[in-house]
Amino acid sequence: MAQFRTGDGSDGSVVVSIEGDFDLADVDEFLELALPCLERSDRVEIDLGRVTFIDSSGLGALVRVRKEGSETGTKVSLVDVSPATHRLLEITGLHHAFDIAPREA
């Protein structure tokens, strides 16, 4: 089960953090939290550094947030991508679809 939280980045972005196993059981809660963030800022960062597992449903939720961000002019970036998430992005070929950044020091 994943845990989610939001916060404000130092650069005016909104940060959505995910921790734990992100799968079908968590998608609705994530979308309820993340989608409104697209209206709060022109930049949303999704922090994946503490994701221990992600399935296709979790990945689909990330794609949906990115797509809706694109439609509203909000830049959505994945930050501090965990090894589990990076592996799934590469296997599916979606690593090119996202702006991926390391965690800032």
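General remarks:
- Residues in the stretch 1-52 that are touching a helix residue (DSSP H, G or I) at 6+ places or on another chain (Cβ under 7 Å) and small (Gly, Ala, Ser): ALA2, ALA34.
- Test result for ARG50, over 22 Å from THR74 (Cβ atoms) and either surrounded by fewer than 17 Cβ atoms within 10 Å (Cβ to Cβ) or of a type in the set (Val, Ile, Thr) (or both): yes
- Only one of GLY69, GLY73 that is touching a residue at least 12 places away in the same chain (Cβ under 8 Å), out of contact with any Ser or Thr (no Cβ under 8 Å at 6 or more places or on another chain), on the phi > 0 side of the Ramachandran plot and not aromatic (Phe, Trp, Tyr): GLY73
- Qualifying residue in the stretch 27-42 (condition: in a strand (DSSP E or B), buried (at least 16 other Cβ atoms within 10 Å of the Cβ) and free of Cβ contacts under 8 Å to residues at least 40 places away in the same chain): no
- Applying the criterion of being surrounded by fewer than 14 Cβ atoms within 10 Å (Cβ to Cβ) and assigned to a helix (DSSP H, G or I) to the residues of the stretch 67-83, the residue that is nearest to the chain's Cα centre (by Cα) is LYS67.
- Evaluated against (1) free of Cβ contacts under 8 Å to residues at least 60 places away in the same chain; (2) in a strand (DSSP E or B), ARG64 falls short on exactly one condition, (2).
- When residues of the stretch 60-86 are limited to those that are out of contact with any helix residue (DSSP H, G or I) (no Cβ under 6 Å at 6 or more places or on another chain) and aliphatic (A, V, I, L, M), the one farthest from LEU24 (Cα to Cα): VAL79
- Among residues of the stretch 53-66, those that are of a type outside the set (Lys, Arg) and buried (at least 17 other Cβ atoms within 10 Å of the Cβ), counted: 6
- Restricting the stretch 24-41 to residues that are modelled with pLDDT under 95 and in contact with a strand residue (DSSP E or B) (Cβ under 8 Å, 6 or more places away or on another chain), the residue that is nearest to HIS86 (Cα to Cα): SER41
- So GLU19, is it assigned to a strand (DSSP E or B) and without any contact (Cβ under 8 Å) to a residue 60 or more places away in the chain: yes
- Qualifying residue in the stretch 84-97 (condition: on the phi > 0 side of the Ramachandran plot and surrounded by fewer than 15 Cβ atoms within 10 Å (Cβ to Cβ)): yes
The values are calculated or read from the model by the stated rules, or taken from the named source; none is laboratory data. This one's a predicted model, so the numbers in the text were calculated from it and none came from an experiment. Ideal geometry is used to build each Cβ from the backbone, glycine not excepted, and the neighbour counts take in all protein chains shown.
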